[in-house]
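Shown next, in structure tokens, is the structure this report addresses.
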Amino acid sequence: MDEHSESAPSRLEVYCRVRRQSEMLCKPLTVEDYVVQTMPDVSPPKWHLAHASWFFETFILVPYVSGYRPFDVRFHPLFNSYYQGVGTPFPRDRRGLLSRPSVVDIYRYRRHVDEAMNELMVRLDDRDESRDIRLLIKLGLHHEQQHQELLLTDIKHILGNNPLVPVYAEDRFAEEEEVPVPLRWIKVQGGETAVGHDGNGFCFDNELPRHRMRMNEFLLANRLVTNAEYLEFIDDGGYANPLLWLADGWTAVQREGWQAPLYWRKTDGAWRYFTLAGEEPLTAEEPVCHVSYFEADAFATWAGKRLPSEEEWEHAAGTAGLWPGNYLESGRFRPQAARTGEGVLQLGGDVWEWTQSAYRPYPGFRPWANAVGEYNGKFMCSQMVLRGGSCATPESHIRKSYRNFFYPHNRWQFMGIRLAQDA
């Protein structure tokens, strides 16, 4: 997403494109859909639209634009996500109670912020303050792209919990005959390798500093685990065998009554699953999706394998190449079956891949200064790292060093599995 030129028109073009994409993702919604919150992890679509604007207003327009007047000062706590350094956020689990401001008001808020941002970007020059603003604009745009993915995953949860199983977008893609890609093991050489962002383009602070480490040779599956393979785990009693599960995972299975991935439903003896194109029969060769870390780890244990570490994943991606992939721009909004190819397939897009790595700071990590320092660092506890992006990730947003992170019980994101084993 980083603009190739530092000229104002280039910045404006990138800004407008990203902002427009968020609104396009909401086009299929009815006004009633905008306010629903189906669980604490899900935010109403209108909240996402407002929060992304709040970010630009709070961290750029208010501190850097003399005379800027906020659209409505009462919005400040409502659309603050977790930045305690700039105020007290409205409780996350109560966002669905906000019938007001209206959807119309939220779009008016976006226009207000966009007009001020456009005027600011035209005036940027080479002063140190302008360089700070340009960095914050890039951060704000990547932040909004994160919320574009969250928009899709939250919309899916909202519609998927509706007994009418509404369709978000019709499947515009012709059915292709699926030829299963055999599971193969790719040997990845060990030795010394560099981990972390290489300094080329934008990155988040949690991707730094780049550091060197040694790793052993290992084997990585050439493709993602499929629905058919996961179904074997289910049919073999995987959800009923406590010996396969981590202690907290087994507790989650019992507490939540998990018997299959999220959105799977058994009807008349056949499995079906909910997609953004509606409910469909289970597609055998598609990557399994919407599984928690606990489920990914239990499947790997059942298969006699393991999950890769995030360093192994990045090392393999560095030699195999991350692009191309099935990302948000494809318009499919669901994982695709692997297509024939050599080496490691599906590294980019389709599903976020769970790793066995706890989300922790890299050696020498320093969070960003001021309130934006709350962006990543304070979450480095009790979460696990995922790599690679998904079918809901904007392609210009992802890179090999990107570290996503969620709690091990989360599964409403587009999360899947790739296996590894020691050589």
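The values are calculated or read from the model by the stated rules, or taken from the named source; none is laboratory data. None of the values given here were measured: they were computed from a predicted structure. Cβ placement follows ideal geometry from the backbone for every residue including glycine, while neighbour counts extend to all protein chains displayed. Please note that ligands, DNA and RNA were not included when accessible areas were found on the heavy atoms of the full protein model with its side chains. Shrake-Rupley method; radii C 1.70, N 1.55, O 1.52, S 1.80 Å.
Accessible surface calculations at 1.4 Å, restricted to protein heavy atoms, place the stretch 266-423 at 34 Å² per residue. In the context of the full set of protein chains, the stretch 1-155 has a per residue accessible area of 46 Å² (1.4 Å probe).
Just to be sure I understand: of the beta bridges DSSP finds with both ends in the stretch 277-423, what percent are antiparallel, rounded to 5? Restricted to the stretch 277-423, the bridges split so that about 70 percent are antiparallel.
Sorting 416-422, 131-137 by their mean Cβ neighbour count within 10 Å, with the most densely packed peptide first, gives 416-422, 131-137. What shape does the stretch 106-240 have by the C-alpha gyration tensor, where a ≥ b ≥ c are the square roots of the eigenvalues, rounded means a/c under 1.5, and otherwise prolate means a/b greater than b/c and oblate the rest? Note, shape of the stretch 106-240 comes out oblate. Farthest toward the positive end of the dipole of the chain, out of Q259, I417, L135, is the Cα of L135, where the dipole comes from beta carbon charges about the Cα centre. Full extension of the chain between A240 and D72 gives 55.2 nm of extra length, using 0.36 nm per residue less the Cα-Cα distance. Taking amide H positions as modeled 1.01 Å from N, with prolines and chain starts lacking one, the residues under 5 Å from N404 and 5 or more places away or on another chain are L386. Think of each Lys and Arg Cβ as +1 and each Asp and Glu Cβ as -1; about the Cα centre, that makes the dipole of the stretch 7-105 roughly 140 debye.
To put it simply, the accessible area of the stretch 343-423 at a 1.4 Å probe is 53 percent carbon and sulfur. Per-residue 3J(HN,Hα) values for the stretch 299-308, derived from phi via the Karplus relation 6.51 cos²θ - 1.76 cosθ + 1.60 with θ = phi - 60°, read 4, 4, 4, 4, 7, x, 10, 8, 8, x Hz in sequence order (x marks Gly and Pro). Amide H to amide H distances under 5 Å link W323 with no residue, where only residues 5 or more positions off or on other chains count and H is placed in the peptide plane.
Sort 301-313, 227-239, 114-126 for me by packing, meaning the mean count of neighbouring Cβ atoms within 10 Å per residue, highest on top.
The most tightly packed comes first, giving 301-313, 227-239, 114-126.
If you count Lys pairs in the chain whose Cα atoms are under 15 Å apart, skipping same-chain pairs closer than 8 places in sequence, the total is 4.
3J(HN,Hα) along the stretch 345-351, derived from phi through the Karplus expression 6.51 cos²θ - 1.76 cosθ + 1.60 where θ = phi - 60°, amounts to 9, 6, 5, x, x, 6, 9 Hz, with x in place of Gly and Pro. Seen against the Cα atoms of the chain and their longest principal axis, helix 310-320 is set at about 90 degrees. Principal-axis analysis of the Cα atoms of the chain puts helix 45-56 at an angle of about 50° to the longest axis. Computed over the chain, relative contact order equals 18 percent, with contacts defined as Cα pairs under 8 Å that lie 6+ residues apart. The distance from the alpha carbon centre of the stretch 226-250 to that of the stretch 333-398 is 24 Å, rounded to a whole number.
Would you indicate which of [x] 36.6; [y] 20.9; [z] 29.0 is the value of mean projected area of the Cα convex hull in nm² derived from the coordinates of this structure? Recomputing mean projected area of the Cα convex hull in nm² here picks out [y].
A simple rule links phi to the HN-Hα coupling: the Karplus curve 6.51 cos²θ - 1.76 cosθ + 1.60 with θ = phi - 60°, which for the stretch 208-219 gives 10, x, 5, 8, 9, 8, 9, 9, 7, 4, 8, 10 Hz, with x for Gly and Pro. Accessible surface for R184 stands near 130 Å², nearest 10, in the context of the full protein assembly shown (1.4 Å probe). For the stretch 1-97, what class follows from the C-alpha gyration tensor (a ≥ b ≥ c being the square roots of its eigenvalues): rounded when a/c is under 1.5, otherwise prolate if a/b is larger than b/c, else oblate? Since a/c reaches 1.5 but b/c is at least a/b, the shape of the stretch 1-97 is classed as oblate. Nonpolar atom fraction for the stretch 91-207, defined as the carbon and sulfur part of the 1.4 Å probe accessible area, stands at 48 percent. Centroid-to-centroid, using Cα positions, the stretch 13-36 and the stretch 105-127 are 18 Å apart.
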